[in-house]
Amino acid sequence: MTRIIFIYLSIIILSIACNSTKGKQISTEKGDEIVKLSISETLQNNKHLPIKDQVELYRKLRKESPNKYNFENEDELTMYGYSYLWDNKVMEAIEIFKLIVEQFPNSANPYDSLGEGYMANGEDEKAIANYRRSLELNPDNFNAEDQIERIKFPDKKPETFSDKFAKVYSVDAYKSDLDQLGKKLIEVNPSTLKFISEKDFWKTVEAKKALITERTTFSEFYWHCREIIANVNCTHTYLWDHFDEPDIPLALRFPLETRWVNNHLYVIDPLNNTEKVSKKDEVESINGILISNLMTDILNHFSSQGHVETSKIKDFNTTTTAIIPYALNFPKTYKIKLKGKQEIIELNPALTFRKPIHDLFKNPCDDNLCLEVLEGNKNAVLTISSFNYYSWNNLDHFIQFIDQSFKEIKEKNVENLIVDVRYNGGGSAESSIHLLKYLVGQPFTYFSETTMYEEFENGFKGKLFFLMDGNGKSTTGHFMAKAKVLNLGTIIGEELGSNQFCTAGQTICRLSNTKLIFYVANTVSKLSHTILPDETGILPDHYVSQSIDDYLKNIDSVKEFTIKLANE
């Protein structure tokens with residue numbers, strides 16, 4: 001599977017991240033509201049049947065119970081088809097994709113998916129026919145255009161980001177693409193102008209156009225586009241990062257691994273500059289530019305929800321060897337000034353490519369979910385590093401884990417439960433809602449003002465503590481917003497990277513001349529009954545972050561603080 005196809009699939013997943021709810025009939029004071037059952041989940045529950053029988057079951061349910069199931073959710077059914085394709089069951093995937101084409105004949109995406117299925121099965125002519133139909137319905141579907149080209153010319157190597165890195169396009173091509181970028185952002189994202197005025201938005205576009213010269217490279221243009229997109233202040237609207245891949249020539253990379261902590265830039269690995277620099281040295285300037293000024297510019301190039309800065313810092317800290325060169329326009333040499341030292345140090349050039357650096361202390365989970373009952377059974381830590389569990393695939397795994405965990409918590413008479421959602425980038429609403437049912441202790445709403453969710457039998461009755469950080473986005477914002485508004489417990493950590501306002505449902509776009517790909521949120525989803533500001537992330541009751549010393553010593557400061565607080 002090519003990288004672009006993988007990206008395309010990930011967008012489908014994100015498109016349903018903030019909007020799906022597990023269907024059932026719910027009685028409320030305002031009357032009965034019918035929330036339709038998920039048809040993809042129904043098929044998932046009948047996956048033991050031959051694929052033709054599943055298709056017939058779909059048709060039977062649609063005919064006999066049209067109001068009971070949600071037959072309008074094209075994306076969920078698409079992901080069910082891809083679950084077969086990812087499992088190398090190509091013929092089963094094709095049958096599901098054919099069903100989606102039958103049900104949504106005027107939508108471009110089903111034909112694109114069916115084209116991919118046929119291509120995976122070696123049926124190139126059928127693949128081309130479906131990709132062409134997809135293009136007819138959506139001329140902007142560049143994925144279909146690329147796959148037709150790939151089938152027709154299998155030996156032709158597609159141009160990569162690395163190939164284009166130093167390439168120079170015409171001034172008119174760059175400026176035309178910048179205009180296209182601005183127009184597409186406003187056209188697709190319903191909240192593009194939520195945090196910035198239209199005047200200021202286009203002022204930034206025009207400022208970037210003024211910087212274009214006959215020598216502007218594609219990499220410089222990419223950096224300009226990042227700032228325009230960052231002005232939208234939407235985590236689901238962004239440029240694909242190339243910082244964690246060897247797309248930047250090694251000789252141009254910043255030859256130190258660094259970390260921004262409490263408004264200071266520290267060295268965490270001197271790499272091949274050990275004779276000149278040590279761990280924990282603080283960098284005051286690079287090539288004569290003060291770090292404070294450099295960081296202001298860098299953070300202006302990162303997308304975030306509203307005006308949340310913690311998520312930008314998290315993103316910066318993972319890939320500093322690539323981001324700093326962009327901000328400095330790729331100098332041939334790097335000269336730094338360290339705090340407490342007078343001399344200017346010229347660094348040795350980078351020799352090896354390193355993958356992104358994340359926090360050093362290890363997650364106790366083998367996967368994204370685990371329960372750790374601490375000694376004496378008084379305290380337990382429930383780690384939820386992802387809500388990425390969907391009805392068409394693996395929601396049952398999440399449900400089983402949560403159900404079993406709270407059964408164990410009750411059996412062991414745990415008094416204090418620490419729910420750790422750090423590093424959690426979001427996922428499905430079903431996951432968030434299922435966990436909340438064990439924590440809220442009373443009926444609650446989520447998206448709808450009338451849909452009430454009841455607590456479970458094994459609901460937790462003790463003290464709750466929540467750990468969060470700037471990595472928390474999308475559905476994690478919804479989850480922590482409910483925890484905040486309902487005052488479920490004590491929140492520890494730093495400002496969350498999101499809140500009750502969630503953008504989702506992405507459209508993949510590509511600029512006409514430079515072929516730069518970007519992603520634009522096309523839907524808005526906001527929790528009901530919340531009065532929290534949309535500009536900031538969920539705020540903690542206790543601000544606790546990792547110092548540079550604790551980081552280098554592998555100490556989880558936030559967790560240690562919370563356990564101490566729970567034991568008081």
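Brief remarks on what is shown
- The order of Leu135, Leu185, going from fewest to most other C-beta atoms within 10 Å of their C-beta, is Leu135, Leu185.
- Neighbour-count order for Lys463, Lys335, fewest beta carbons within 10 angstrom listed first: Lys335, Lys463
- Cβ-Cβ distance of Lys410 and Lys183, R₀ of 56 Å, FRET efficiency by 1/(1 + (r/R0)^6): the value works out to about 0.50.
- Helical mean residue ellipticity (222 nm; -39500 (n - 2.57) per DSSP H run of 4+; nearest 500) of the chain: -12500 deg cm²/dmol
- Reported to the nearest whole Å, the Cα centre-to-centre distance from the stretch 201-262 to the stretch 57-132 is 37.
- With each label modelled as a point 7 angstrom along the Cα→C-beta vector, the Ala251-Glu102 pair spans 6.0 nm.
- Förster radius 60 Å - calculated FRET efficiency between Lys564 and Asn46, Cβ distance, rounded to 0.05: 0.75
- Histogram of C-alpha separations across the chain, 10 Å bin width, %: 3, 16, 24, 26, 20, 9, 2, 0, 0
- Computed from label points 7 Å out along Cα-Cβ, the spacing between Glu72 and Asp140 is 2.2 nm.
- Within the stretch 176-315: Cβ-based charge dipole about Cα centre, in debye rounded to nearest 20 (Lys, Arg +1; Asp, Glu -1): 280 debye
- Theoretical FRET efficiency, 1/(1+(r/R0)^6), r = Cβ-Cβ of Glu284 and Asp367, R0 56 Å, to 0.05: 0.85
- Residue separation of Gln400 and Glu206 scaled by 0.36 nm, minus their Cα-Cα distance, works out to 64.6 nm of gained length.
- Cα lying deepest toward the dipole's positive end in the chain, options Ile313, Leu265, Phe479, charges on Cβ: Leu265
- Centre-to-centre separation between the Cα atoms of the stretch 315-355 and those of the stretch 385-402: 41 Å.
- Contact order relative to length of the chain, as percent, for alpha carbon pairs under 8 angstrom and 6 or more apart: 15 percent
- Considering only beta bridges that DSSP places wholly inside the chain, some 65 percent are antiparallel.
- Calculated from backbone phi, Karplus (6.51, -1.76, 1.60) coupling profile of the stretch 511-518 in Hz, x at Gly/Pro: 6, 5, 8, 7, 6, 6, 9, 9
- Karplus-based coupling profile of the stretch 328-335, in residue order and whole Hz: 9, 6, 6, x, 6, 9, 10, 10, with θ = phi - 60° in 6.51 cos²θ - 1.76 cosθ + 1.60 and x standing for Gly or Pro.
- Projected label distance in nm at Tyr543 and Ala166, using a 7 Å step from Cα toward the beta-carbon: 4.5 nm
- Distance violations [Cα-Cα > 31 Å] among Lys63/Lys194; Lys412/Lys564; Lys164/Lys337: Lys63/Lys194; Lys164/Lys337
Quick note: the coordinates plus some simple rules give every number you see, no bench work behind them. Because the structure is predicted, anything quoted here is derived from the model rather than measured. Backbone-built Cβ (ideal geometry, glycine too); neighbour counts: all protein chains shown.
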